[in-house]
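These notes are about the structure you will find just below.
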C-alpha cells in the first residue's frame, strides 16, 4: 500500500510553463479565465458565473486543501511574466492504488501555444516522482483540443465511460478515459490515423479539382440534408435516415473518432469554391490486418462530374501512403451501378457477391457486392498519373 497524505507545494518548471501555488494577485486572471465560454462548457463543476469571491475562496482555501488531502492545485504561469494563464491539478487521489486524476484549463489568450501539453507533461512527471503510479484524465467527446493535449502528453485512450460525469444542466455525461502510467515512455502516445497534410486545423487532401477536409460541427446542415436523400438512406447501414441531433453529434465528435483511430470522416468540397459536395469516410475496423472500409455520398448537384472517383482516389492514396493501410474494401448494392463505376474507375476490383449481408428495410436482408483496392491497383491507374492525384496541402 502506498501511503501519501500531503503533497509538497513546490514550483515546477516545465518547457515554457511554470506551475506554482496560487496567489491573491491571480484573482482577476482567475475570474476572467473561468468565465470563458469554452472553459465553462467543459468544466461543469465550477460556479457559473465565477465571481471574485469564488476566486478568493479557491486561492485561500480550495487550492491549499487539495494538497493537504493528497492532491494538488497549481496555477499555470507564464515563466517570463509569472502571470496566471491557466490552472492544473490532481484530484480524487487513491493512495491504496497509487492513482489520481489530472485536470486542467487554459485561458483563451494562451491557447494554441502548447501551454496545456507542457503543463500536463510537467505535472505528470512530478506526480511520478511522488510515487503516483497512474494518472487518469477525462475529456468530453466534443473536446477534441483536450484530447490532443492528452495524446501529446503521452496519455493513452482506454474507453468511453457512459454517464460518468455530472453535466452543468443536470443529468450525466459521457467521457473519454485516458491514462498515463509512471513508467510510460516520454513523448506523444501512438496514433493509428494521423492528421492530414497541413495539420489539424488546416489539413486537407486535394488534386486541384476536389478537396477533402475533416468533418466539423458547422457542416451539420449540409450533411443532414445529404443523409435525408432516399438513395443515400438506402445505401446506409442500417437504411434509416438520421435525425438532425444524430448528425450534429456525428459532426461535433468526428475528431474524437479520428483520434481514437476508429474512423476518418471527411467532407468532399469543390477545390475552387469550397462548396460542400458530399462526404467520404475511412473506417479502420481491422488495423491488425491493415484493412479499412471506404464509404461516400454526393449531393445531386455534384454527381456526374467525377468528384466521387477523385475523392476515393485521394483518400486511398492517403490511406496507403500515410496511414499504412494495405487493403481497402467497399461495398455497393447490386443495383447501384453508379457507385460500382466510381469504384472501378478508382481502381477497385470486384471480389465477391455476398448474399443477405446487410440489414434492409422492414427487417429484411440485402445483398452486397464487395470491391477491394490494393496499393498497386491505385498506382497503376493511367487516370491517376494523368490527373496528378496527390497528397498536398492547399
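Output yes when any residue across the range 318-341 is part of a helix (DSSP H, G or I), crowded, with 19+ Cβ neighbours inside 10 Å, touching a helix residue (DSSP H, G or I) at 6+ places or on another chain (Cβ under 6 Å) and in contact (Cβ under 8 Å) with a residue 24 or more places away in the chain, and no when none is.
Looking through the range 318-341, at least one residue is part of a helix (DSSP H, G or I), crowded, with 19+ Cβ neighbours inside 10 Å, touching a helix residue (DSSP H, G or I) at 6+ places or on another chain (Cβ under 6 Å) and in contact (Cβ under 8 Å) with a residue 24 or more places away in the chain.
Among (1) over 21 Å from residue 157 (Cβ atoms); (2) touching a residue at least 60 places away in the same chain (Cβ under 8 Å), there is one condition residue 260 misses while meeting the rest; what is its number?
(1)
Scan the range 168-182 for residues that are in contact (Cβ under 8 Å) with a residue 40 or more places away in the chain and outside any strand (DSSP E or B) and jot them down.
The answer is 168, 182.
Can you tell me which of 238, 188, 218 is without any contact (Cβ under 8 Å) to a residue 40 or more places away in the chain, more than 21 Å from residue 306 (Cα to Cα) and either crowded, with 19+ Cβ neighbours inside 10 Å or assigned by TED's automatic domain parsing to the domain that holds residue 325 (or both)?
The match here is 218.
Among the numbered criteria (1) closer than 13 Å to residue 19 by Cβ; (2) assigned to a helix (DSSP H, G or I), which single criterion is violated by residue 82?
Residue 82 satisfies all of (1) closer than 13 Å to residue 19 by Cβ; (2) assigned to a helix (DSSP H, G or I) except (2).
Out of the residues in the range 49-59 meeting the condition of being assigned to a helix (DSSP H, G or I) and in contact with a helix residue (DSSP H, G or I) (Cβ under 8 Å, 6 or more places away or on another chain), tell me which one is surrounded by the fewest Cβ atoms within 10 Å (Cβ to Cβ). Full working, then the answer.
Within the range 49-59, the subset assigned to a helix (DSSP H, G or I) is 52-59.
Cutting the leftovers down to in contact with a helix residue (DSSP H, G or I) (Cβ under 8 Å, 6 or more places away or on another chain) gives us 52, 54-56, 58-59.
Details: 52: 11, 54: 19, 55: 23, 56: 15, 58: 23, 59: 20.
Of everything passing the filter in the range 49-59, 52 is surrounded by the fewest Cβ atoms within 10 Å (Cβ to Cβ).
Is it the case, given these coordinates, that residue 255 is outside any loop (DSSP other than H, G, I, E, B), in the same structural domain as residue 322 (by TED's automatic domain parsing) and within 14 Å of the chain's Cα centre (by Cα)?
Criteria met by residue 255.
Looking only at the range 154-163, decide whether some residue is surrounded by fewer than 19 Cβ atoms within 10 Å (Cβ to Cβ), in contact (Cβ under 8 Å) with a residue 12 or more places away in the chain, out of contact with any helix residue (DSSP H, G or I) (no Cβ under 9 Å at 6 or more places or on another chain) and farther than 27 Å from residue 96 by Cα.
Restricting attention to the range 154-163, the residues satisfying the condition of being surrounded by fewer than 19 Cβ atoms within 10 Å (Cβ to Cβ) are 156, 158-163.
Of the ones still in play, those that are also in contact (Cβ under 8 Å) with a residue 12 or more places away in the chain are 156, 158-162.
Cutting the leftovers down to out of contact with any helix residue (DSSP H, G or I) (no Cβ under 9 Å at 6 or more places or on another chain) gives us 158-159, 161-162.
This time we only want the ones that are farther than 27 Å from residue 96 by Cα, so: none.
There is no residue in the range 154-163 that is surrounded by fewer than 19 Cβ atoms within 10 Å (Cβ to Cβ), in contact (Cβ under 8 Å) with a residue 12 or more places away in the chain, out of contact with any helix residue (DSSP H, G or I) (no Cβ under 9 Å at 6 or more places or on another chain) and farther than 27 Å from residue 96 by Cα.
Conditions first: (1) within 21 Å of residue 205 (Cα to Cα); (2) touching a strand residue (DSSP E or B) at 6+ places or on another chain (Cβ under 8 Å); (3) part of a helix (DSSP H, G or I). Residue 266 passes all but one, so which condition is the exception?
If we test residue 266 against (1) within 21 Å of residue 205 (Cα to Cα); (2) touching a strand residue (DSSP E or B) at 6+ places or on another chain (Cβ under 8 Å); (3) part of a helix (DSSP H, G or I), just (3) comes out false.
Please work out if residue 293 is part of a strand (DSSP E or B), under 23 Å from the mean Cα position of the chain (by Cα) and more than 30 Å from residue 155 (Cα to Cα).
Against the criterion (part of a strand (DSSP E or B), under 23 Å from the mean Cα position of the chain (by Cα) and more than 30 Å from residue 155 (Cα to Cα)), residue 293 does not qualify.
Count, please, the residues in the range 15-45 that happen to be in a loop (DSSP other than H, G, I, E, B) and in contact with a strand residue (DSSP E or B) (Cβ under 9 Å, 6 or more places away or on another chain).
Residues in the range 15-45 being in a loop (DSSP other than H, G, I, E, B) and in contact with a strand residue (DSSP E or B) (Cβ under 9 Å, 6 or more places away or on another chain): 8 in total.
Among (1) within 18 Å of residue 283 (Cβ to Cβ); (2) modelled with pLDDT of 95 or more, there is one condition residue 358 misses while meeting the rest; what is its number?
With (1) within 18 Å of residue 283 (Cβ to Cβ); (2) modelled with pLDDT of 95 or more applied to residue 358, the lone miss is (2).
Taking the residues in the range 221-234 that are assigned to a helix (DSSP H, G or I) and without any contact (Cβ under 8 Å) to a residue 40 or more places away in the chain as candidates, determine which candidate is surrounded by the fewest Cβ atoms within 10 Å (Cβ to Cβ).
Here the residue is 230.
Within the range 342-357, how many residues turn out to be buried (at least 18 other Cβ atoms within 10 Å of the Cβ) and farther than 24 Å from residue 276 by Cα? Spell out the reasoning first.
Step one: list which residues in the range 342-357 are buried (at least 18 other Cβ atoms within 10 Å of the Cβ), which gives 342-343, 346-348.
Imposing the further condition that a residue be farther than 24 Å from residue 276 by Cα reduces the set to 347-348.
The number of residues fulfilling the criteria is 2.
The values are calculated or read from the model by the stated rules, or taken from the named source; none is laboratory data. Remember, it's a predicted structure, so these values are computed and weren't measured experimentally. Using ideal geometry, Cβ is built from the backbone for each residue, glycine included, and neighbour counts are taken over all protein chains shown.
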